[in-house]
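First up is the structure itself, then whatever we jot down about it.
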Amino acid sequence: MALTKGQQTRQKMINLMYLVFIAMLALNISTEVLDGFVLMNDNLQESIKVAEERNRKIYSEIDAAYAANSEKAEKSFITAQGVKLQTDSLFDFVQSLKLQIAKESDGADADVNNLESKDNLDAASEVMLSPIGGKGNELKRRLDQYRESVVGLINDEEKKEVVRRTLSTEPSERAKKDRKNWLQASFEKMPSIAAVTLLSELQVNIRQAEGEVLNVVSQNIDLEDIRVNELSAFVIPQSNMVMRGTTYKANIILAAVDTTQRPKIVIDGKELPTANNGLYERPAGVIGANSFSGFIELIDRMGRPLRREFTQKYTVMEPMATIAPLLMDVLYAGIDNPISISVPGVATNDVTARAMEGGTLVQGSNGQWIAKPSASNIGKKFIIAVSANVNGATQQIASKEFRIRALPEPLPYIEYKDHNGNTRIFRKGSLARAVILSATGIKASIDDGILNIPFNVLSFRTMAIDAMGNVSPEMSNGANFSSRQMEQIRRMNRGTQFFITSIKVKGPDGIDREVYPMEVRIN
């Protein structure tokens, strides 16, 4: 809670007098010094009354806001009540300490505001620092707890720091040099009137901290009301791209939305029903750019109408979809064909697709789908239909036809490593005998720059032709050279020509087939 200029000046004078009086005590406690503490304490009592009156007004405003709109002000009201309970409890505890010090000084009938034994040096120590029954530690604990509680409710960092300093229980640098804690520095051998004055100052700081929190709580209510310096109308469409045949939908609100008071909304001269909660719908019939305009009106706290104009544009487009095969403009039977399916302006999870004929279609992730044409439909059509959920309604957007083809024939090859360790593919020509033997067998695949599909080699035959024209056939029982084939290759001289024939393979479509032979010359 901010102080007025006059209050700030008075507070500075009080603090200065307090420091001067404490310093003079070390030399001599004269009557004038003690009377100075009385004057200071009286000024502090006046400051307490001013702070309490200010806080009382803020409490009244919060109570009034809660009575007018309990739903909106409930959180702030509960917070304020909690702050009041904590503050009053701590304030009253400090007041009880002042009274105990007064009674320790003047007896049971002591008046805390009119001490007689002002210079009593034992009363404050007895009440606050006595090993048995001393209240100092409890004061420190409650003060620390209260300080951290209220600081957590203040947003402004500078104000937080002010509260931390004014309610601090850390000893001053001078006290640290004298090896005294906060309690010892504040109450040990302190005249009764000085101790009471210190506690009065603490009460002022408690009420001021309470005021800082109340200001924040009150402002939070204002933020939820219409006490702002600028208000704007907003149209929030579910989508600015609308397909013909669907419905345009938008929320029209006054920022921020006030769910406890329904505004009046007029669009193109027609009032929107209150039951719609600001949801506006209109058929999307005309292709291209469209717009609408109107105003939104709300009643402020003074009962006056507050109106804001708005205009909104949107686009209506023809239904469309993008269906793009990742391989080519055909689908191959017997394998997984990845396909990308999307609808402009529609989220991926709102797009669905199905195979109308020719096989099956399975959804993947991130707009990817897998088309699986069946082998029995080779040469026929594969048709995909795409639907989308637009503004809560599912609509078929488009369909596309693909041709179903059989997989191309795979080609056999020998895979080996060159002298740099790079993988190489050999299909025909000359090859060193050592390279052939290190490869241990052959492989087969479709690899035409578009497809890259491996096949399993089931068996193959090697046929060597010697210098006399004699042919020596040997058969494998899998993808690797048999021991007889390996021995056959080892016996071959440079220039010997041999063929790898009768190569049987099986592809991902499950079909066994025989592929083209290989011609190899020993280099």
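Every number in this text was worked out from the coordinates using simple rules, so none of it is lab data. Since we're looking at a predicted model, the values are computed, not measured. Cβ atoms come from the backbone with ideal geometry, glycine included; neighbour counts cover every protein chain shown.
Hey, fewest Cβ within 10 Å first, where do Glu61, Glu148 land in order? Show your work: numbers first, answer last.
On the way: Glu61 16, Glu148 12.
The most exposed by this proxy come first: Glu148, Glu61.
Taking the Cα centre of region 151-212 as the origin and placing charges on Cβ (Lys, Arg +1; Asp, Glu -1), which of Ala175, Val196, Leu153 is farthest toward the positive end of the dipole?
Among Ala175, Val196, Leu153, the one farthest towards the positive end of the dipole of region 151-212 is Ala175.
Arranged from highest to lowest average of other beta-carbon atoms within 10 Å per residue, in what order do the peptides 107-115, 475-483 appear? Write out the running numbers ahead of the final one.
On the way: 107-115: 13.4, 475-483: 15.3.
Highest to lowest by the protection proxy: 475-483, 107-115.
With +1 assigned to the C-beta of every Lys and Arg and -1 to the C-beta of every Asp and Glu, and no other charges, what is the dipole magnitude of region 74-196 about the Cα centre in debye, to the nearest 20?
Values: 20 positive and 22 negative charges, 101 e Å.
I would put it at about 480 debye.
Straight-line reach only, C-alpha to C-alpha below 14 angstrom: list the aspartates and glutamates that Lys506 could link to, leaving out same-chain residues fewer than 8 apart.
Cross-link targets: Glu409, Glu514.
What are the ³J(HN,Hα) values, in whole Hz, obtained from phi via the Karplus relation 6.51 cos²θ - 1.76 cosθ + 1.60 with θ = phi - 60°, for each residue of region 348-355 in sequence order, with x given for Gly and Pro?
Those phi angles translate into 4, 6, 9, 9, 10, 8, 8, 8 Hz.
Give me, ordered by chain and number, the residues 5 or more places off Lys135 or on other chains with an amide H under 5 Å from its own placed amide H.
Met128, Leu129, Ser130
Could you give the dipole magnitude of region 5-223 about its Cα centre, charging the beta-carbon of Lys and Arg +1 and that of Asp and Glu -1, in debye to the nearest 20? All intermediate terms of the calculation are to be shown ahead of the outcome.
On the way: 29 positive and 35 negative charges, 127 e Å.
Here the size comes out at about 600 debye.
Quick check: from the Cα gyration tensor, does region 411-522 come out rounded (a/c under 1.5), prolate or oblate?
oblate
Here is the link list: Lys372/Lys443; Lys160/Lys189; Lys103/Lys140; Lys103/Lys160; Lys159/Lys264. Which ones come out longer than 30 Å on Cα distance?
On the way: Lys372/Lys443 25 Å; Lys160/Lys189 32 Å; Lys103/Lys140 22 Å; Lys103/Lys160 36 Å; Lys159/Lys264 40 Å.
Long pairs (Cα-Cα over 30 Å): Lys160/Lys189; Lys103/Lys160; Lys159/Lys264.
Given H placed on each backbone N at 1.01 Å, which residues far from Leu407 in sequence or on other chains put an amide H within less than 5 Å of it?
HN-HN under 5 Å from Leu407: Ala333.
Highest first, please rank the peptides 267-276, 160-169 by the mean number of other Cβ atoms sitting within 10 Å of their residues.
Values: 267-276: 11.4, 160-169: 15.8.
The peptides rank, most packed first, as 160-169, 267-276.
When a/c reaches 1.5 or more, the comparison of a/b and b/c decides; with that in mind, is region 128-180 rounded, prolate or oblate per its Cα gyration tensor?
On the way: a/c = 4.99, a/b = 1.54, b/c = 3.24.
Judged from the Cα gyration tensor, region 128-180 comes out oblate (a/c at least 1.5, b/c at or above a/b).
Under the Karplus relation 6.51 cos²θ - 1.76 cosθ + 1.60, θ = phi - 60°, what is the ordered set of whole-Hz ³J(HN,Hα) values for region 429-439, x standing for Gly and Pro?
So the J values, rounded to whole Hz, are x, 9, 8, 5, 4, 5, 5, 4, 5, 6, 6.
Residue by residue, what Karplus-based ³J(HN,Hα) values in Hz, rounded to whole numbers, does region 481-497 have, using 6.51, -1.76 and 1.60 with θ = phi - 60° and x for Gly and Pro?
4, 6, 4, 5, 5, 4, 5, 4, 5, 4, 7, 6, 8, 4, x, 5, 10
Amide H neighbours of Thr496 under 5 Å, counting only residues 5+ apart in sequence or on other chains, H built in-plane at 1.01 Å?
The answer is Ile522.
Of the peptides 401-413, 131-143, how do they stack up when ordered by the mean number of other Cβ atoms within 10 Å, highest first?
Working: 401-413: 17.6, 131-143: 14.0.
Per-residue mean Cβ counts within 10 Å order the peptides as 401-413, 131-143.
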